[in-house]
Every structure is written in C-alpha cells, then in structure tokens.
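Presented below is the structure to which this report refers.
The values are calculated or read from the model by the stated rules, or taken from the named source; none is laboratory data. Quick caveat: nothing in here was measured; it's all calculated off a predicted structure. Cβ placement follows ideal geometry from the backbone for every residue including glycine, while neighbour counts extend to all protein chains displayed. What goes into the accessible areas is simple: the full protein's heavy atoms, side chains included, and nothing from ligands, DNA or RNA. Shrake-Rupley method; radii C 1.70, N 1.55, O 1.52, S 1.80 Å.
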Amino acid sequence: MDRFDRFFELSARGSTVGQEVRGGLTTFMAMAYIILLNPIILGGAVDVTGAKLSIPQLTASTIIAAAVSTILMGLVGNAPFGVAAGLGLNAVVAYQAAPFMTWAQAMGLVVLEGLVIVVLAVSGVRRLIMNSIPLALKHAISVGIGMFITLIGLVDAGFVARGTGTPVQLGRTGHLTGWPVALFCFGLLLVIVLFVRKTRGAILIGIVVTAVLAIVVNSVARIDPASWGVVVPRMPEAVVALPDAGLIGQVDLFGGFARAGAVTATVVLFTLVLSGFFDAMGTIIGVSDEAGMVDAEGRVPRLGAILTVDGVAGAIGGFSSASANTVFVESAAGVGEGARTGLAALVTGGMFVLTLFFTPLATVVPAAAAAPALVLVGALMMTQARNVPWEDLTLAIPAFLTIVMMPFTYSITNGVGAGVISYTAIQAATGRARRLPWLLWVVTLVFAAYFAIEGIRALLG
C-alpha cells in the first residue's frame, strides 16, 4: 500500500483512494456524452468520395481511444485528466478535412498532429511555451474555463438557448419550460446543497440521483426525445453489446497532401495542431490550478509527461479513426469531487473499458443530469479570479479578454490567443518589449496567423 501511495503521490497531494475513485467516476459521467456525440459528428459527414463512417464502429473507436489515452495519462502523467475525442477537433476533421480527402487520409492528418505535438513536448518546446505565459494569464485561463464549462452545462441542459432577437436567451422559448430543464434545476440545487454541506461524493450523488429521476420521469411523461439532447434517459433494451473495432488502423498518413493539395492539407494540419496544443494547454493549466497542483510560479508537476501523453493521445485518436484525443475540460468535475492524482484517471479509463462492452448503459445519463456538475465546478473555478491583479491594467485587460473570449467564442484556444496577443501588444506599447521571453513573441505571431488563417488560405490560393 505504501508503494501504491508513493507511485500516485496520494498523501503528498492530500488525497485518498476514496477521493480518487469518486473523482474518476465523476469525470467519466461528466464526459461520457462524447461516446454518443463524437460518432454523431463524424458519422454525419461524408468524405470526398461520399463515404460515411459507421456509427457502431465510431462508437467503439471513440471508447477504445479514450480508454487507452486516459489510462496512459494516469500511469505516465499521474494527473486526474480524462482524455477523449476533442469537440471542435472532430468538427475540423469532419468539415474541413473530409470534404477534400478520404476518411483514412483525414485520420492520417490527425495522427501527424499528435506526432507533431509529441515532438514539441519531448523537445521541451511545449513546456517552455506554457511556462512563458505570465501567471496572471494562467489564473485567467482557469476563470475562463470555469465560465466556458458553465455555459456548456447551461446550453446542454436547455437552460440557455439561442434567442430569436438576441444571441442567447433564457430557455428555448424565452422562458424555462419542459421536464429536462426542471430536472436540471433540481439537480443543480441538489448538488449545490450537498456540496456546501460538505457531503462526500456530492457531485456524483447529484448526477446519479438526477439521472435516475430523469429515467422515471421520461417513462411516465410524454416528453419530446429531442428536448433531452443527445442522450435520452431510458432503460436500454440490452445491457451488453459486443464492440465493432473495424475502424482501428484505417489511416493513410500522407495521402491527404496528394489528394487535397499541399496548401489545404497543411492548413488543416496547422489548425489541428494549434487547436489541440492550446486547448489542452488551457485545460491542463486551469484544472491543475483548481486542483492545487501548481507551484508558486504557476508551474504544473510532471508537465513534460502530461504533455507527451496528450500528444500520444492525439495520435491514438487518429489511429482509431476517432479524431484527435485531448484532455477534457470536464476533468474539472472530478477535481471538484477530490481527484488529485493519476489514480482518478485510471478509474475514468477503467469505466471507458467497461462501457466498451456495456455501451447501451452510456445512454442513460442525459445532459440534464450531468450539466449541474459543470455549472458548480465553473463556480469553483471562478474563485481563481481573486489571484488576477485587477489593479494593474497591463495584466487585467489581457486577463479579461482571456476570460470572456472562451465562453463568448466557445473556444479555449481563442481565449488564450486573445490574452497572449493583447498582453504582448500592451507590454510592447508600454516600453517593456525587451522583458518578454522571445518564445512569447513566437506564440503571439502563431496566434496572429491562427486568427487570420482564412485570409492566409485565400492568399495562398
């Protein structure tokens, strides 16, 4: 037991086996939606030949890639991060890559994206980039992610929706209506009450109770299935289902460059690398900060190993035809439940392994049950705002832009980019350009290219 404790640093990080198990289960339940959503996104698109990917095969690939990647994160990175197909990254594959190349060629670009990130991690460049970000912006990233996952939870639950005369509004009609929204409100109040009363397993209890109640309500009330979102809470017809892993290994590494042309393939690869790089960076910083894993300078322990695993996970996702894997921001839900080490990731990965054979059970937890956890954890991550020096406008303005751009553009990468560019510009304008690390200038230029990518694509023809 002592060796087990030392390996995962349980005592050193102030954690226990119980905390890690609860945290790992909570992270899995908060991110399990990807098992259904990733196949829907990828399966809804066609490649240049008109071919579509099989939903059952995509489901198996998504689970296998997530299980392997998350277990690696636990064993090698010793961090409480769940890893699976990244939202946004899968959309790039489906709607930017596939229309110009075959699915195998598109997944080949994903493998290359992961390998590029591995090289950046192993060489130490990725760690240097993360450490070049000023501490104030690192705290701002935590706050921004908190707002971002809160918005995800509110939108997924139907509490916030696109408005008719406004960008967003309360509910789908301007009012709160329907059983799913009512259950979300119940679940949110339940998890808040349990959490403030310091009930062990508060978030996990809230998810389970609300999910069970949703199944009961859905069985006795006539509810439009679409109002539940991706997952409809009903008891599955079968419990056990054998996986179809037919998409594993269906990749063509360099065929996309020949099929779509060097410019198009390079733009897609650049977008994948940058989005995967900085989405994961923001999540790792934000969730680690919330977990109390960072030192006084905002540095994360075992960062090199964590970043390397993240890159390997990206390649695993491509090799599995599940799109690029990345660290999931929903890992914050597990951290809120007490997860601090890689043991939680092993639990999360183990749940993915079990789900591979019990896939129907993944359909029973609707957004209305999982979303309250995201809102509560968002509130907890907002507390990092106290560490931003708001009296210093040279730091406060970049921090503000970092925070608001994440939820307002639905992208962690956009928030980090806005903060970095504005910070560099302000420092240069106030005569402090020479104080900036040269690597931060490089990152600023990369982000400028990222924001101008469509213009660059047009110029290059």
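Quick notes
- No other residue among Leu242, Leu204 is under 24 Å from the mean Cα position of the chain (by Cα) and either assigned to a helix (DSSP H, G or I) or within 28 Å of Thr355 (Cα to Cα) (or both) apart from Leu204.
- Test: residue in region 174-185 that is in contact with a strand residue (DSSP E or B) (Cβ under 8 Å, 6 or more places away or on another chain) and modelled with pLDDT under 90: yes
- Meets criteria (aromatic (Phe, Trp, Tyr), out of contact with any strand residue (DSSP E or B) (no Cβ under 6 Å at 6 or more places or on another chain) and at pLDDT 85 or above) for Phe319: yes
- Test: residue in region 377-386 that is out of contact with any Leu (no Cβ under 6 Å at 6 or more places or on another chain) and more than 22 Å from Glu290 (Cβ to Cβ): no
- For region 248-261, a residue qualifies if it is aliphatic (A, V, I, L, M) and under 13 Å from Ala106 (Cα atoms), and the qualifying residues are Val251, Leu253, Ala258, Ala260.
- Qualifying residues in region 219-246 (those that are under 11 Å from Ala369 (Cβ atoms) and modelled with pLDDT of 80 or more) - the one surrounded by the most Cβ atoms within 10 Å (Cβ to Cβ): Pro233
- Within region 360-383, one or more residues are closer than 29 Å to Asp244 by Cα, more than 19 Å from the chain's Cα centre (by Cα) and of a type outside the set (Val, Ile, Thr).
- Qualifying residue in region 384-403 (condition: over 26 Å from Arg126 (Cα atoms), within 19 Å of the chain's Cα centre (by Cα) and surrounded by fewer than 24 Cβ atoms within 10 Å (Cβ to Cβ)): no
- Criterion applied to Val312, Val329, Val335 was being open to solvent by 10 Å² or more (accessible area, probe 1.4 Å), of a type in the set (Val, Ile, Thr), touching a residue at least 40 places away in the same chain (Cβ under 8 Å) and part of a helix (DSSP H, G or I), and the one residue passing it is Val312.
- Of all residues in region 16-36, those satisfying the criterion of being open to solvent by 10 Å² or more (accessible area, probe 1.4 Å) and farther than 17 Å from Leu356 by Cβ are Thr16, Val17, Gly18, Gln19, Val21, Arg22.
- Residue within region 51-70 that is closer than 30 Å to Leu303 by Cβ, of a type in the set (Val, Ile, Thr) and surrounded by fewer than 19 Cβ atoms within 10 Å (Cβ to Cβ) present: no
- Residue within region 283-302 that is over 14 Å from the mean Cα position of the chain (by Cα), in contact (Cβ under 8 Å) with a residue 60 or more places away in the chain and closer than 30 Å to Gln57 by Cβ present: no
- Those residues of region 278-298 which are on the phi < 0 side of the Ramachandran plot, in contact with a helix residue (DSSP H, G or I) (Cβ under 6 Å, 6 or more places away or on another chain) and in a loop (DSSP other than H, G, I, E, B), in sequence order: Val294
- Filtered residue count, region 177-200, keeping only those that are open to solvent by 80 Å² or more (accessible area, probe 1.4 Å) and either part of a helix (DSSP H, G or I) or of a type in the set (A, V, I, L, M, F, W, C) (or both): 4
- Of the candidates Ala45, Ala106, the single residue that is open to solvent by less than 10 Å² (accessible area, probe 1.4 Å) and over 20 Å from Ala313 (Cα atoms) is Ala45.
- Failed item, numbered, when Pro301 is tested on (1) assigned to a loop (DSSP other than H, G, I, E, B); (2) buried (at least 21 other Cβ atoms within 10 Å of the Cβ): (2)
- For region 247-265, a residue qualifies if it is assigned to a helix (DSSP H, G or I) and at pLDDT 90 or above, and the qualifying residues are Gly255, Gly256, Phe257, Ala258, Arg259.
- Top-ranked residue in region 405-441 [being of a type in the set (Val, Ile, Thr) and without any contact (Cβ under 8 Å) to a residue 60 or more places away in the chain; ranked as surrounded by the most Cβ atoms within 10 Å (Cβ to Cβ)]: Thr424
- Complete set of residues in region 129-170 that are part of a loop (DSSP other than H, G, I, E, B) and crowded, with 16+ Cβ neighbours inside 10 Å: Ile133, Pro134, Ala157, Gly158, Phe159
- The C-beta contact set for region 104-123 (first residue touching a residue at least 60 places away in the same chain (Cβ under 8 Å), second residue of a type in the set (Asp, Glu) and open to solvent by 20 Å² or more (accessible area, probe 1.4 Å), distance under 8 angstrom, 6+ apart or interchain) comprises Ala104/Asp252; Gln105/Asp252; Met107/Asp252; Gly108/Asp252.
- Count of region 276-313 residues which are of a type in the set (Gly, Ala, Ser) and at pLDDT 95 or above: 1
- Breaking point among (1) more than 26 Å from the chain's Cα centre (by Cα); (2) open to solvent by less than 20 Å² (accessible area, probe 1.4 Å); (3) under 23 Å from Val446 (Cβ atoms), for Phe278: (1)
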